[in-house]
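Notes follow the structure.
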Amino acid sequence: MSPSPRIVLAHGTTAALETRLRARCPQAELRTARSYDALSELLSSFRPDIVYAVRFAGNEGFPSAALTGPGGPAWIANGGVGTDHLGQWDTHRTTVTNAAGVAAGMMAEYVLGGFLHFTLDVPGLQADKAAKVWAERRVRPLAEQTLLIVGLGQTGQALAKRAKAFGMRVIGTRARPREMPHVDEVHAAGDLAALLPRADFIAVATPLTSATRGLIGPAEIAAMKPGVVLADVSRGGVVDQSALRVALTGGPVAAAVLDVFEVEPLPATSPLWETANVLISPHCSSVHAGWEEASFDMFLDNLDRWTEGAPLLNIVDPQRGY
């Protein structure tokens, strides 16, 4: 691996990142791309060894095939966590790393904040305030309730820790079950169907892969406990949102907290906008002050390893999606 790598920074705002990279690795040949078209052009003309990329303009137009195909960079450093936008890649030719864990705590707070939004009946309180009505209302505790975490990765583990502080019982799934702190029961991913009827709250935090696409479909939603509240911070495509909406308007799901969607931005024609018991956010559960700096810190630390010939951290398995 070259101690003087050719690097492209693909980001909506690159000036601060460029300054930090030049200070850390002054021998690097550096180019910046502030659009997907510019990134595509640099892939063919500059032929970088490394691309640090953030999906700053959504999926449409992102040059996945050029990045992961023959002649693409040897290392793609994904500035976020999810890598589904890259598709599959040949691990003998391309190494992909991500920023797993950089926003796990914030995403956990988002999920719990969404749960509290509904258990404290914030929508009802807001409606009463707007109408200047003093009406009797009840709140619902999280304590003694069962939380099912679908995907006990770093976000799921951060959520489990915080849920325990609220006195919740935590159960969850992961590809390779093992005992974990703050989780009462860890089950295999294949046990999901048996766990769904037990959950008062469900948090979906699993990567989008061929195995998890449509994981929460009509049958799974129908099996949920009446009154369940579901939060989705995974990727659009893991939860069947058409089936979810049906369940929200007469099925078992009392409310949903949705940060990810099958199509993003969520089209204005989506009936989810008109569904009262849904909290919608624009894929921002991981976007907090300092996340970009923390993600880039991970990249710079890995860049040191690259130039020293040491193994990279946070390498993603394209089959597993993490």
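The values are calculated or read from the model by the stated rules, or taken from the named source; none is laboratory data. These numbers come from a predicted model, not from an experiment. Because the Cβ atoms are built from the backbone with ideal geometry, glycine has one as well, and the counts that use them run over all protein chains shown. Please note that ligands, DNA and RNA were not included when accessible areas were found on the heavy atoms of the full protein model with its side chains. Shrake-Rupley method; radii C 1.70, N 1.55, O 1.52, S 1.80 Å.
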Neighbourhood net charge (11 Å Cβ-Cβ; Lys/Arg +1, Asp/Glu -1) for Phe296 | -3
Residues whose placed amide H lies under 5 Å from that of Ala33, excluding near-sequence neighbours = Leu9, Ala10, His11
Under a cut-off of 20 Å between alpha-carbon atoms, report the aspartates and glutamates in cross-link reach of Lys161, not counting same-chain residues fewer than 8 places apart.
-> Glu109, Glu144, Glu179, Asp184, Glu185, Asp200, Asp232
Proportion of all alpha-carbon pairs of segment 239-322 beyond 17 Å (%) = 64
Cα pair distances in segment 139-265, grouped into 5 Å bins until the bin that holds the longest one, percent each = 2, 12, 23, 26, 21, 12, 4, 0
Using only helices, what value at 222 nm comes out for the chain when you add -39,500 (n - 2.57) per DSSP H run of length 4 or more and divide by the total residues, to the nearest 500 deg cm²/dmol?
-> -9000 deg cm²/dmol
Cα gyration tensor of segment 5-111 diagonalised, 5x eigenvalues square-rooted, in angstrom largest first, produces semi-axes 22, 18, 14
How much of the accessible area of the chain, in percent, comes from carbon and sulfur atoms when a 1.4 Å probe is used?
-> 54
How big, on average over all directions, is the shadow cast by the Cα convex hull of segment 1-40, in nm²?
-> 2.9
According to a simple spin-label model (label point 7 Å from Cα along Cα-to-Cβ), what is the distance in nm between Arg176 and Glu144?
-> 3.9
Which chymotrypsin sites (Phe, Trp or Tyr not before Pro) does segment 102-183 hold that lie in a coil by DSSP with at most 12 other beta carbons within 10 Å?
-> Trp134
When the chain is modelled as a GNM with alpha-carbon springs shorter than 10 Å, which of Pro311, Pro252, Pro226 fluctuates the most?
-> Pro311
0 to 90° range, to nearest 10: angle between helix 122-131 axis and the chain longest Cα axis = 70
Could you give the alpha-carbon Rg of the chain over 2.2 N^0.38 Å, rounded to two decimals?
-> 1.08
Where does helix 291-308 land angle-wise versus the long Cα axis of the chain, in degrees 0 to 90, nearest 10?
-> 40
Step through the residues of segment 145-159 one at a time and calculate ³J(HN,Hα) from phi using the Karplus curve (6.51 cos²θ - 1.76 cosθ + 1.60, θ = phi - 60°), rounding each to whole Hz and writing x for Gly and Pro.
-> 8, 9, 9, 9, 9, 8, x, 8, x, 5, 5, x, 5, 5, 5
Distance in nm between label sites at Cys284 and His117, each 7 Å beyond Cα in the beta-carbon direction?
-> 1.1
Using modelled backbone amide H atoms (1.01 Å from N, in-plane), which distant-in-sequence or interchain residues come within less than 5 Å of Gly80's amide H?
-> Arg55, Ala99
From phi via Karplus (6.51, -1.76, 1.60), per-residue ³J(HN,Hα) for segment 34-39 in Hz, x at Gly/Pro | 9, 8, 5, 5, 5, 5
Per residue solvent-accessible surface (Å²) - segment 194-313, probe of 1.4 Å | 42
